1. Within segment A:269-276, does at least one residue satisfy the condition of being open to solvent by 20 Å² or more (accessible area, probe 1.4 Å), modelled with pLDDT of 95 or more and over 19 Å from the mean Cα position of the chain (by Cα)?
2. Within segment B:237-249, restricting attention to residues that are in contact with an Asp or Glu (Cβ under 9 Å, 6 or more places away or on another chain) and open to solvent by less than 50 Å² (accessible area, probe 1.4 Å), which residue is modelled with the highest pLDDT?
3. Could you go through segment A:270-284 and let me know if any residue there is farther than 23 Å from A:Glu377 by Cα and in contact with a Lys or Arg (Cβ under 6 Å, 6 or more places away or on another chain).
4. Any idea which residue in segment A:67-82 is surrounded by the most Cβ atoms within 10 Å (Cβ to Cβ), counting only those that are hydrophobic (A, V, I, L, M, F, W, C) and under 23 Å from A:Ala339 (Cα atoms)?
5. Looking only at segment B:65-93, which residues are of a type outside the set (Phe, Trp, Tyr), open to solvent by 50 Å² or more (accessible area, probe 1.4 Å) and closer than 26 Å to B:Leu176 by Cβ?
6. In segment B:125-151, how many are within 14 Å of chain A (Cβ to nearest Cβ) and either open to solvent by 70 Å² or more (accessible area, probe 1.4 Å) or part of a helix (DSSP H, G or I) (or both)?
7. Yes or no: segment A:413-422 includes at least one residue that is surrounded by 15 or more Cβ atoms within 10 Å (Cβ to Cβ), modelled with pLDDT under 85, away from chain B (no Cβ under 14 Å) and farther than 30 Å from A:Asp351 by Cβ.
8. Mind checking which residues of segment A:427-437 are within 7 Å of chain B (Cβ to nearest Cβ) and open to solvent by 20 Å² or more (accessible area, probe 1.4 Å)?
Amino acid sequence: MATQPGEVEAALSRRYDAGFVTDIETHSLPLGLDEGTIRALSALKEEPEWMTEWRLKAYRHWLTMRQPDWAHVKLAPIDFQAISYYAAPKKKPKSLDEVDPELLKTYDKLGVPLHERAKLAGVAVDAVFDSVSVATTAQGQLAKAGVIFCSMSEAIRTHGDLVRQYLGSVVPQGDNFFAALNSAVFSDGSFVFIPKGVRCPMELSTYFRINAGHTGQFERTLIIAEEDAVVSYLEGCTAPMRDENQLHAAVVELVALARANIKYSTVQNWYPGDENGKGGIYNFVTKRGECRGDDSRITWTQVETGSAITWKYPSCVLRGDRSVGEFHSVALTNHYQQADTGTKMVHIGRDTKSKIVSKGISAGRSQNSYRGLVKVEKGAVNARNHTRCDSILIGKRCGSHTFPYMEVKNPTAIVEHEATTSKISDDQLFYCRSRGIGEEDAVSMIVDGFCKQVFRELPMEFAVEAKKLLEVSLEGAIG
Amino acid sequence: MLKIDNLHARVAGKEILKGLSLETRAGEVHAIMGPNGAGKSTLGNVLAGRPGYEVTAGTVTFDGKDLLEMEPEARAAAGVFLAFQYPVEIPGVNNTYFLRAALNAQRKARGDTELDSMQFLKLVRGKVKEMGMTPELLNRAVNEGFSGGEKKRNEVFQMALLEPRLAILDETDSGLDIDALKQVAEGVNGLRSPERSFLVITHYQRLLDYIVPDFVHVLADGKIVESGDAQLARDLEAHGYAWVRERTPTEAHA
């Protein structure tokens, strides 16, 4: 091959740009988890009594549960007593001007400038560093429109009633093992509230960063769109390169009332581990949206390139009549990464529609599974679903799997499933090369074409980022 | 420009080319004719560097450089272009994007500056007009959903844009109706120049009524058994390939 051994190494070492560690003084809770840890955490965050109780209830439920093992992934047992459940930079800023310059530098390096001068045009950013939100931009401008965009900790203190009304209403405390754990120990995340009739004037975005070692990140995000409200939200995630596996167990809840429209996009680039499968983030996430009102719509778009193991199924509960749920996904695995991801579409209301587009790309020795459930309840007259799952394999040692489940209880429903698996064909590769395009560029071009349908769903700036990310993640995939 | 000497090549363990020699100079158009299985397409693929085509003996030089040592993309940058017999579809990859990536990769390899989007768009739109293509072509994915004729015309269009020094046309006439054939031939004729050499691989003489070659070579059983001018192609059409075999038993060249 044209590539020299040295070039491959160089490509691999630059393949994860976000792998640096920020040197910053951190306050952490000691390792381990018991009721005392939860009380301490809740006290640190100056939470009201009801919140502490809510956490404890989740914790007690969690103790009765077992870690599930049905996913198509292999992982070492997780020692939940060897994790610190809270890590936060010591200095507490009161405003953006007081944010530690080291932190600002970190986000600059990640391409997410927080200060007013350089901030991304048309995007408000909430920056979550380890267990806490360190800054939220453009809050003033959003407040004028009536939009609340702040960290979850702040929301619990300042918008307690709203949080209390909606928290756990889509993903209950005892929903599953990791959701229960998250409910007990979640530290921060974003809170979004779009009041009736308001179209959010800018893209909202949260940038999650794990920095400290031996910590888990348990964020909780809650987005509420009232009647006729419209919002587009994007999350990005990165972490330093470490030899240990770190746990990230988030819960995201979306609530769309009548005619509301929520678009939730993820570009997930947690540290995937090295080329031998050492280290990397365990990304075990529960994401669910409920189309609670008639004619509402929720769209999930995800580009998953990071994490040692990804285990997530952003789902839609289509309760309102004529509500629509969509899921667009690109999941790329390389080296020893494992992904078990897909969606659940639960049709409850009449004339509900769902659409699933999943694109899996496997390279190296990775395993990539699509797992999806389409469930049509008895009352869901005229429910429609269309599912399309395409996978592409690069090389001979990776695996791609599809696990579609369907439960249809209404005879008027139409549920369609299409699936394809292909290899990047030698013909396509040679065609590109015969036109002068190098092998690695040809592969990323072919893969990019394969993912086009999903990238189209991402907000413009992030589509470009997603494409770049895919290219970097594919480096070293050929050889 | 291109010098092939005693070329032997195998595909899937089977020897297809058995001592082929051929030389082309700038400005010349050479037609390679021959019956099915003679090794015509193998020749095109070996020259373009397709993986799986193993050269077991002989040499090929292009402008004095060893072509066989070069990766396919390096051959393209050096000016070798293969118009595919079966152009490949690349779903989701926009034609304009593809062509720009190809042209810029070649320019970069040659040490030329790359074209920015505006410069490239100007160039490609000009070529579309020149070649009588529909501008819509630029917004479509590479060969996706193209008819057979569209695919072949797209190959010639790519050639016009990439301006190779050696263009190899692998059965570009196969599967074309007479109108499409004329269009393809017109495109090729428009690209003939004193600096450019063509290797036109075809099964039928029909194409050579429109692209009149300077030399015609008959390929049989892996080597060239007879060479001549355009008249040879017409004789072949009249008498069939058996006629060549009778006149020049392959043993005579062994």
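1. no
2. Among them, the one singled out is B:Trp243.
3. Within segment A:270-284, one or more residues are farther than 23 Å from A:Glu377 by Cα and in contact with a Lys or Arg (Cβ under 6 Å, 6 or more places away or on another chain).
4. Residue satisfying both the conditions and the ranking: A:Ala71.
5. B:Glu89, B:Pro91
6. So the answer is 3.
7. no
8. Hits for segment A:427-437 are A:Asp427, A:Gln428.
The values are calculated or read from the model by the stated rules, or taken from the named source; none is laboratory data. Everything numeric here is computed off the predicted structure, so don't read it as measured data. So basically every Cβ, Gly included, is an ideal-geometry build from the backbone, and we count neighbours across all protein chains shown. For accessibility, only protein heavy atoms count, side chains too; no ligands or nucleic acids. Shrake-Rupley method; radii C 1.70, N 1.55, O 1.52, S 1.80 Å.
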